[in-house]
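Written below as structure tokens is the structure these notes are about.
The values are calculated or read from the model by the stated rules, or taken from the named source; none is laboratory data. The shown structure was predicted, so the numbers you read here are calculated from the model rather than taken from an experiment. Here the Cβ positions follow ideal geometry from the backbone for every residue, glycine too, while neighbour counts run over all protein chains shown. Side chains included, ligands, DNA and RNA excluded: accessible areas come from the protein's heavy atoms. Shrake-Rupley method; radii C 1.70, N 1.55, O 1.52, S 1.80 Å.
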Amino acid sequence: MKHTRIKDVLDSDDLGKEFTVKGWVKTFRNDQFLALNDGSCLSNLQIVIGIDKFEEKKIKKLHTGAAVAVTGTLTESLGKGQRVELKAEKLEILGESDPDKFPLQPKRHSLEFLREIAHLRFRTTTFNAIFKVRNALAFAIHQFFNDKGFVYIHTPIITGSDAEGAGEMFQVTTLDINNPARNDKGEVDYKEDFFGKPTNLTVSGQLEGELAAMALGNIYTFGPTFRAENSNTTRHLAEFWMIEPEMAFYDNNDNMDLAEELLKYVIKYALEKCPDEIEFLRNRQVEEDKKKPQNERSPMDLIEKLEFCLTSDFERISYSEAIEILKRSKPNQKKQFKYLIDEWGVDLQSEHERYLVEKHFKKPVILSDYPADIKAFYMRQNEVDEEGRRTVAAMDILFPGIGEIVGGSQREERYDVLTDRMDEMNIPKEEMKWFLDTRRFGTAPHAGFGLGFERLVLFVTGMTNIRDVIPFPRFPKSAEF
């Protein structure tokens, strides 16, 4: 039986026309008013069930969560909260839902509870809104790069290299973990493994992306990445998605320009395409804020915050300037930071990033020119400064409530400088011969960055836990579904 989306029915002016709709029961009041939702929009369609029209046995199956098909006539609604409603002529129960066992009821559930039943949380209005916004952002990213002539590259999920050099990777093997093959020295013999060498799930598509950029010009990747980091914070996942463009003939300033343009484009797109969802999430955040002490409440509501990012030029400062600001800051002077800033060269923590964005500049910030010692081997080294300090042409974009949302750099294109740096960081050059070939044959300045997709969704939805913006979160001790 052909049916019409509830969104289209609610938008229709065809009073008196017959429609067939299919969806899930949200509520059933007074044995007469059925609220139905099919996921096409946040709003429910009210269906008026004539008590005498259907047998009692069927009416008694209209519990929250049940799937039904209804055919009826569109009429003007006399009740508040809806413009039109459907007067049911036919009713079919497609799938029953036992009210004593179905965990979702027509009431507000905590996000913690919904994480425990992540396979059902899609059915709530909150997660309907979140995943509609996520979908819009993903589409906007592809559209942005496509319109600019970038080539979309699929980089491998299984890799033999560690792009970040951090070592926090998930190993991929077909060896018997209880009794792996061993060589003459008693070491695990990876020649017997599926790929003939140690392999892992990728932490980044960047290095492979660089290979493509050095032939195709401008490319981007958008795929899953994995970190075996034992972190249970609200900002970290073990499996997450990354957008990683690489651009030939770009320097770090070009890199910053592109990243700022991308962020503004996708935020604007979400505001335009998901107004109902973002308005719902804004109201949700306002209600949540009322429960918090005044000093913990958001200074701007969700829509104000997103509009603010669109209208503000991102503040650009160097790491060295940021360190001086943080050193002199009240939280540092009064020892309120958990990690005090006392010298140049320390890695900035989330509390420092958020201070710069939320308290000092009160706008998004792009930090550049970080100390070489705290950054990856592939970042281009700047000239040594007057005080003999080594920095790299790196850049991070910091957002309110999030901290770092983008990390990138101009890449080191000089073969000798790159190999010296790899020696310094004990990165085996032989295993990275394919990467070094881009510096041996037709090397050119190039740059790129990584945008954590879930952190972007977190920002645009106003949620506070990254596990709530990915359908099936992966984190330490949890790999459900």
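Brief remarks on what is shown
- Calculated log₁₀ intensity ratio I(q)/I(0) where the Debye formula runs over C-alpha points of the stretch 148-264, q = 0.14, 0.17, 0.19, 0.21 Å⁻¹: -0.72, -0.94, -1.06, -1.18
- Working note: 222 nm ellipticity from helices only, DSSP H runs with n ≥ 4, each -39,500 (n - 2.57), summed and divided by the residues of the chain, gives -9000 deg cm²/dmol to the nearest 500.
- A cut-off under 10 angstrom between Cβ atoms defines the neighbours of Ser368, and their net charge, with Lys, Arg +1 and Asp, Glu -1, is -2.
- Whole-number D in µm² s⁻¹ for the stretch 300-419, Kirkwood Cα-pair radius fed into Stokes-Einstein, 37 °C, 0.692 mPa s: 215 µm²/s
- Considering only Val406, Thr27, Gln336, the residue lying farthest towards the positive end of the dipole of the chain is Thr27, judged by Cα position with unit charges set on Cβ.
- For the chain, the Cβ-based charge dipole about the Cα centre amounts to some 2120 debye (Lys, Arg positive; Asp, Glu negative; other atoms uncharged).
- Label point 7 Å beyond Cα of Asp313 along Cβ direction - residues of the stretch 365-409 with amide nitrogen under 17 Å: 365-368
- Sorting Phe472, Phe127, Phe240 by solvent-accessible area of protein heavy atoms yields Phe472, Phe240, Phe127, largest first, with a 1.4 Å probe.
- By the rule of a C-alpha distance below 22 Å, with chain neighbours fewer than 8 residues away ignored, the lysines paired with Lys335 are Lys327, Lys359, Lys362.
- The average projected area of the stretch 357-481, computed from the convex hull of its Cα atoms over all directions, is 11.4 nm².
- Each 10 Å bin from zero holds the following percent of Cα-Cα pairs in the chain: 4, 16, 24, 22, 16, 11, 6, 2, 0.
- When the P(r) of the stretch 114-178 is calculated, the portion above 19 Å amounts to 66% of the C-alpha pairs.
- Where the Cα pairs of the stretch 242-332 fall when distances are cut into 10 Å bins, in %: 12, 28, 33, 23, 3, 0
- Taking the Cα atoms of the stretch 31-188, the ratio Rg/Rh between the radius of gyration and the Kirkwood radius comes to 1.21.
- Across q = 0.14, 0.20, 0.30 Å⁻¹, the stretch 202-258 modelled as identical point scatterers on its alpha-carbon atoms has Debye log10 I(q)/I(0) values of -0.48, -0.78, -1.14, in the order of the q list.
- At full extension, Leu216 and Glu279 could sit 18.6 nm farther apart than now, given 0.36 nm per residue minus the alpha carbon distance.
- Cross-link partners of Lys60 among lysines, defined as those whose alpha carbon lies under 30 angstrom from its own and excluding same-chain residues fewer than eight positions apart: Lys2, Lys7, Lys17, Lys22, Lys26, Lys80, Lys87, Lys90, Lys101, Lys107.
- Cα centroid separation - the stretch 66-83 against the stretch 395-459, whole Å: 55 Å
- Taking a straight line from the alpha carbon of Lys268, these lysines sit under 19 Å away, with near neighbours fewer than eight places off in the same chain left out: Lys132, Lys148, Lys305, Lys363.
- Quotient of Cα Rg and 2.2 N^0.38 Å for the stretch 284-354, N being how many residues it contains: 1.39
- On the chain, 48 percent of the accessible area sits on carbon and sulfur atoms, based on a 1.4 Å probe.
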